[in-house]
Amino acid sequence: MCLVNGVNQLIDKLASLYLFKGIQPSEIADTIFEKNYSSLAIEKTVDGIVLIACFSEVDEDTHAIYKHQLKYVYSADKTLQVVEQRVGNKAAKIQWSRKAELDRLIDEFVDKVKPVLNQDQIKSILSTLPREIRPQVEVKLRLVA
């Protein structure tokens, strides 16, 4: 029963990730009215758009001012793919990645079902996943076979 609940939760998370497009550029654009935001830039690319939002933050202990740059990368279908953050002159770090999150959830799913379910049971479960995600799961299931 615990396995079923765990698998169902993972299926829900995979479906949610697939359906969730992420914060939209229009929502981020509204932040420009906030005091600490200094700029927003949007650039159209071949694959979608890139939005860069800049803001400053004051450290309450040292009173130092830190400049932040958040880079949001969207695919052409308006789905958020990656969020990167840069603080000051430091290198940018990925804060969130749709691909990494999808890979993590798929790996967790494979780790749960592969050792305990037969092929027919797995196929039945796969049929409940969004069609676009299934090939990625099937590939990982074959790789660990």
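The values are calculated or read from the model by the stated rules, or taken from the named source; none is laboratory data. These figures come from a predicted structure and were not determined experimentally. Here the Cβ is made from the backbone with ideal geometry for all residues, glycine too, and neighbour counts use every protein chain on show. For accessibility, only protein heavy atoms count, side chains too; no ligands or nucleic acids. Shrake-Rupley method; radii C 1.70, N 1.55, O 1.52, S 1.80 Å.
How many of the residues in region 63-76 are open to solvent by less than 90 Å² (accessible area, probe 1.4 Å) and at pLDDT below 95?
1
In region 19-58, which residue that is acidic (Asp, Glu) and within 18 Å of the chain's Cα centre (by Cα) is surrounded by the fewest Cβ atoms within 10 Å (Cβ to Cβ)?
Filtering first and then ranking leaves GLU27.
Looking at ILE65, ILE23, ILE32, ILE52, which one is of a type in the set (A, V, I, L, M, F, W, C), in contact (Cβ under 8 Å) with a residue 40 or more places away in the chain and either out of contact with any helix residue (DSSP H, G or I) (no Cβ under 9 Å at 6 or more places or on another chain) or more than 22 Å from ALA91 (Cα to Cα) (or both)?
Going through ILE65, ILE23, ILE32, ILE52 in turn, just one is of a type in the set (A, V, I, L, M, F, W, C), in contact (Cβ under 8 Å) with a residue 40 or more places away in the chain and either out of contact with any helix residue (DSSP H, G or I) (no Cβ under 9 Å at 6 or more places or on another chain) or more than 22 Å from ALA91 (Cα to Cα) (or both): ILE23.
Name, by its number, the condition in (1) within 21 Å of SER56 (Cα to Cα); (2) over 14 Å from the mean Cα position of the chain (by Cα); (3) surrounded by 13 or more Cβ atoms within 10 Å (Cβ to Cβ) that does not hold for LYS114.
It fails just one condition, (1).
Looking at GLN85, GLN81 in this structure, which one is surrounded by 13 or more Cβ atoms within 10 Å (Cβ to Cβ), touching a Lys or Arg at 6+ places or on another chain (Cβ under 7 Å) and closer than 30 Å to LEU141 by Cβ?
The unique qualifying residue is GLN81.
Does LYS71 satisfy the criteria of being basic (Lys, Arg), in contact with a strand residue (DSSP E or B) (Cβ under 8 Å, 6 or more places away or on another chain), within 26 Å of ILE133 (Cβ to Cβ) and without any contact (Cβ under 8 Å) to a residue 60 or more places away in the chain?
Spelling it out, LYS71 is indeed basic (Lys, Arg), in contact with a strand residue (DSSP E or B) (Cβ under 8 Å, 6 or more places away or on another chain), within 26 Å of ILE133 (Cβ to Cβ) and without any contact (Cβ under 8 Å) to a residue 60 or more places away in the chain.
Quick one: PHE55 ticks every box in (1) farther than 27 Å from GLU132 by Cβ; (2) at pLDDT below 95 bar one, so which box is it?
(2)
Of the residues that sit in region 16-47 and are in a strand (DSSP E or B) and not polar (S, T, N, Q), which one is farthest from TYR72 (Cα to Cα)?
My answer is TYR37.
Which residues, counting only those in region 89-102, are open to solvent by less than 60 Å² (accessible area, probe 1.4 Å) and either in a strand (DSSP E or B) or closer than 16 Å to ILE11 by Cβ (or both)?
SER97, GLU101, LEU102
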